[in-house]
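Chemist: Can you read through this structure? Questions will come right after.
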Amino acid sequence: MKPSFKKNYYPNFFIWEEFEYLINIRPLLTDSRVYVLGGDSYKWGNASWSNDKNCYPPSLMKELLDKHICYFSDMSRCTEKVNEFAKRLEDEYKHQTDAHIYICLNTELEHPFGAHYDLSDNVIIQCEGTTNFKVWDEIGNCTSSTNISLEELPKESVLDVDMEPGDAIWIPRYHPHLATSKTKRLSISFPINKDPIRIGREDREWIKFEP
Ligand SMILES: [Fe+2]
C-alpha cells in the first residue's frame, strides 16, 4: 500500500441517520466495542431483561460522545455497504479487515492519539463533516510506542488533505499521521489486520428478504 487520497471515492457511504439507528440499539453499545478516548470507568444500572450488563446506557453514551472522541470496533458488518467494502479490501490485500466507526462532535478536542503510526495498513472513508489528515513518510526504527511528537517529524508531509464526505485515504503501516476534525465528523477506518484471510475471515454473507 502507498499513501494516497481519492476525492469523492465513495459518496453516501454511511450517514448520520444510519449511525443514529445503530447507536440506539442499546445491546450494541458494549464497553468492549465502544472506545471512549480519554474516558474513565463508569457504573450504571440495567433493566432486568438486559442480556449484557456491560452496555453503555444511551444517555451516558450521548454525554460521552459530547465530551470525547469515540470509536466503535467490530463494525465491519454494520451496513451492507460497509460489509461489501471490507470484503473488497480483504479480497485485495488477503488479510482480515475490520471497520472502526469514529465520531468527533467537539472540534475543541485534541485528538488523543496525536500524531502516531499504526501497525496495520488503514483505509479511511470520510462519511460526514471535514477532517484534515496529514500523513508523513514511513519512519524507520519503529519503537513500541506508536505516538510521535510533531517536532520529530519532517516539515513536509506526503499528504495534507481536507477530507470531505465521500473522500478516502490510504495510510500504510508505520506512516505517521494526524487527524484534526474541522467540523463534527463521522468516518470509518478499515484496519487491515495482520491475520491472513486463509486462517479465517468474517462471514460476508448479507441476509436479504424479498418484499
Ligand atoms: Fe491511526
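Every number in this text was worked out from the coordinates using simple rules, so none of it is lab data. Since we're looking at a predicted model, the values are computed, not measured. Every residue, glycine among them, receives a Cβ derived from its backbone with ideal geometry; neighbour counts consider all protein chains shown.
Chemist: Filter the trypsin sites (Lys or Arg not before Pro) in the range 81-135 down to the DSSP loop ones having no more than 16 other Cβ atoms within 10 Å, then list what survives.
Modeler: Values: sites: Lys81, Lys87, Arg88, Lys94, Lys134; in loops: Lys94.
Loop-located and lightly packed - Lys94.
Chemist: Grab the DSSP H runs of the chain that are 4 residues or longer, score each as -39,500 (n - 2.57), total them, divide by all residues and round the 222 nm result to the nearest 500 deg cm²/dmol. Could you put the intermediate results ahead of the total?
Modeler: On the way: 3 runs with 32 residues, N = 211.
Using -39500 (n - 2.57) per qualifying helix, the result is -4500 deg cm²/dmol.
Chemist: Show me the GluC sites (Glu not before Pro) within the range 1-109 that DSSP assigns to loop and that have at most 16 other Cβ atoms within 10 Å of their Cβ. Provide the component values of the computation, followed by the final result.
Modeler: Values: sites: Glu17, Glu18, Glu20, Glu63, Glu80, Glu84, Glu90, Glu92, Glu108; in loops: Glu108.
Here the GluC sites (Glu not before Pro) that fit, given the DSSP loop and packing criteria, are Glu108.
Chemist: For Arg198 and Asp52, FRET efficiency with R0 = 41 Å and r from the beta-carbon atoms, rounded to 0.05? Mind showing how you got there, number by number?
Modeler: Working: r = 32 Å, r/R0 = 0.78.
Plugging the Cβ-Cβ distance into 1/(1 + (r/R0)^6) gives 0.80.
Chemist: Want the number for Asp91 to Leu22: 0.36 nm per residue separation, take away the alpha-carbon distance, what's left?
Modeler: Numbers: separation 69, 0.36 × 69 = 24.84 nm, distance 2.65 nm.
This chain segment gains 22.2 nm when fully extended.
Chemist: Any idea what the dipole of the chain comes to, in debye rounded to 20, about its Cα centre with Lys/Arg Cβ at +1 and Asp/Glu Cβ at -1? Numbers along the way, then the final one.
Modeler: Numbers: 25 positive and 34 negative charges, 53 e Å.
Approximately 260 debye in magnitude.
Chemist: Could you point to the residue in Asn24, Thr130, Gly200 farthest towards the positive end of the chain's charge dipole, with +1 and -1 charges on the Cβ of Lys/Arg and Asp/Glu respectively?
Modeler: Gly200
Chemist: A further question follows. Beyond a 31 Å Cα-Cα separation, which of these cross-linked pairs lie in this structure: Lys6/Lys184; Lys2/Lys53; Lys43/Lys87; Lys62/Lys134; Lys6/Lys194? Write out the running numbers ahead of the final one.
Modeler: Numbers: Lys6/Lys184 21 Å; Lys2/Lys53 43 Å; Lys43/Lys87 37 Å; Lys62/Lys134 29 Å; Lys6/Lys194 24 Å.
Listed pairs above 31 Å: Lys2/Lys53; Lys43/Lys87.
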